[in-house]
Structure formats: C-alpha cells, structure tokens
Amino acid sequence: MFLLRQLLKLRPPTAHDGAEMTLLDHLEEFRRTLLAMLACLLVAMVLCFSFTPQVMAVLTRPVQDLRLGYESTLLPDGVDAADWRTARRAAQARPMLAAADRAALDAALTLRQRELADAVPLLAAARALPEQAAERYLAARHAAPVVQELYRSGAATAPVEPAPGSSDLMGAFQPGEAFMLSLSLSFFCGLIVSFPVMMYFLLRFVVPGLLEHERRLVYKSLCWGFLLFLAGCAFAYFLVLPRVLSFFFNYSQEMGISNDWRIGYYLTFTAKLILVFGVIFELPVIVIPLIKLGLLTYGFMKRTRAYALVGCLSVALVLAPAPDPGTMLIMALPMYLLYEICILFARRAEHQRQQPCQSGDRVVE
C-alpha cells in the first residue's frame, strides 16, 4: 500500500516528457520491447550454442571434483586419486592388449601407477571371497602393504570413473538427448548472458519520460546490475553449488543409492541454480532506484526490516535446491545483507536530501 500511494504521487507529464501516450501506443511500445528482448535472447543463445562443449566442461567440473574428492577420502594415505583411477583403467585394458601393447602401456605409466595397476586384479579376486578368506588370500599372494590398505579402505569397490575433465561420467539415454541438452543449456546460458541487456529494454519501457538525472540513474543501475548479476552467478557456482551437490551425494551414499546422475537433469539443475542467484543479487538494482525516486524511504525500510527477513527466508525456502537449513541460509543471507545495504543507502540518500534544505533555512535567516 505504501508503494501504491507513492506511485500515485508521481509527477504529471511535463513539456520535457512530450505528448502523453495512449493505451494503444503503450501496447505497441510494449510489443517492441518484448521483440527486442527476444531478439537479444536469441542472439545470446546462438553464441552460447557455439561454445556448448566449453560451457558443459565448466558446469560439470564441480560434480567431477566432488566424485574425485569422495574417492580420495576412501584411499589410504600416500595413494593419489588420479593415479588410482589411471591404474584401474589401465588394469581393465591390459587383458585386451597384445604383449607389445601391454609393454607400451606400462611404459607410459609411472612406477606408482604400475604398482597400483598390478594390485587391481588381486583386489578383484579378494572381493569375491569372504572377508577372512580374502585377507588370507592376499597374505598368501604376498600382496604389498598398499594392496591390503586399499582392500581395507573400501576404495577398490568404487566404480571406475572417466578421466577428470570429461562429462562422460553421466550418460544420455536417448538419441537426441545430447542435442536437446545443448539447446536447453544454450537457453539458460543465453538468459544469463543477455539478462542485463534485457533488463535495459524492460526498464526503458517501465520508466518512461525520464528526466536527465533519472536517465543517469538508470544507466548506473544497469552497470551495477550487470556486476551484481555476475557476482551472484559466481557466488552460486563457487560456494553454493559444491555444498548442494555434496549434500545430495552424501545423502544418496548413506541411503545406499548409486550417484549415477543423468547429464540432462544435472546441467538443468545447475543452470537454474546459477540463474536464481544471479537474479537474487539484482535486489539493489530494483530497490536503490526506487529510493532515488522517493518511492521508498529510510523510515519505511527500517520499519519493515523484520518483514524483509521473513521474506528472504520464505524465498530461500521455495527456491533453495536442497532442503537442508545450511543451503537455505546460504541463499537467504545474501538477500538480507543486500537489503541492509539498501537501508544504509536510503539513510545516506535521505541525509543528502536534508542537507540542502538545512542550508536554505540558514540563508533565509
């Protein structure tokens, strides 16, 4: 109601604004705005489609790091996860190679990797036996201490994953799924890339008849909005996404469920998460211009601080990709901190508006 009352106090059209537009003129301008936003999105989608492999590599990096980190926790001290994966893949390929090819493969491995590759068949045989019989089998085969440590750690039961950097660890189960996934990924990435430009077109329609100082305010807001949008995307990618993936991964492990995530669902989930945080960080871009235009005041924002906190928690409850309280707080805390920053800005703006008035009173006296 407060915003509605303030909107009703907006100044009437002046000579600077030009002739007042009719309803049909507004609808025509709105149609042009939507077409401009759509064209911007399509151009961004085409550009992102040409970089789909690179974008996919970036988005799948967190889940690959998660899987590599999980396997590292199972390995005994002194065994590197990357060496262990290389050794397991080499051990799987050895039986299918000729003697000369096996020798060439072993020559390409490091000494540690060859030692681990030799341990893989022993561990596979030990897993087929009961626990006590497996230990006796390894002792009878004079297995190296690292082999026995690998058996006891449980790392030998983990599935062999593709090399880090590839997205083949999650499969496509339909012939056209990879292509449709590229289109979906291009849409989300294009939306992220073109979001500041589309916001410019939208603001140009929503705030017509601006004065010169109001235009400068909009341009500054767009610049800051672009930076804040990138900051929100980076915050989601580097901080929120690893925590969310870790929560789902560990929960599935505790339930005894394999984490063979489908590539399409994973990338859609990741793109939506990054996009949501980018939009959340746009809060100052919406609030600060309203403060500058006098639609929001410091007193009103200060009085509604508690409601803003509840609103941030409610938005986090709805949009948080993971149901744990930690992830919800990670989403709600930046929103509320941005609101507090807006309150400080409103206080500063109100103080600046009062200073000229006080100076004018002293001159009159």
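We did not get these values from a lab; they are worked out from the coordinates using the rules stated. For clarity, every value in this text was computed on a predicted model and none was experimentally measured. Note that each Cβ is placed from the backbone with ideal geometry, even for glycine, and that neighbours are counted across all protein chains shown.
Things worth noting here:
- Between LEU333 and THR22, residue separation times 0.36 nm minus the direct Cα-Cα distance comes to 107.6 nm.
- Computed from label points 7 Å out along Cα-Cβ, the spacing between GLU135 and ALA98 is 4.5 nm.
- Gain on full extension, evaluated as 0.36 nm per residue between THR268 and ASN250 minus their Cα-Cα distance, stands at 4.4 nm.
- Each Cα pair under 8 Å and six or more residues apart adds its separation to the average, and for region 51-162 the resulting relative contact order is 31 percent.
- Computed from the alpha carbon atoms alone, the convex hull of region 257-303 holds 96 Å³ per residue.
- Each label point was placed 7 Å from the Cα along the Cα-to-Cβ direction; for ALA128 and LEU319 their separation is 5.5 nm.
- Percentage, to the nearest whole number, of Cα pairs in region 44-141 over 23 Å apart: 49 percent
- Quotient of the Cα radius of gyration of region 285-359 and 2.2 N^0.38 Å, N being its number of residues: 1.33.
- In this structure, SER72 and PHE179 have a Cβ-Cβ separation that, at R0 = 30 Å, corresponds to a calculated FRET efficiency of about 0.30.
- Backbone geometry of region 285-293 corresponds, through the Karplus equation with coefficients 6.51, -1.76 and 1.60 at θ = phi - 60°, to 3J(HN,Hα) couplings of 5, 7, 7, 4, x, 5, 5, 4, 7 Hz, x marking Gly and Pro.
- Hypothetical label at SER153: residues of region 84-120 whose amide nitrogen lies under 18 Å (7 Å Cα-Cβ projection): 84-91, 110-120
- Descending principal axes extents, region 218-297, alpha-carbon based, whole Å: 57, 23, 17
- Sequence-separation-based contact order of region 262-339, relative, with Cα cut under 8 Å and 6+ spacing, percent: 35 percent
- Between LEU293 and VAL310, the simple label model (points 7 Å from Cα in the Cβ direction) yields a spacing of 2.7 nm.
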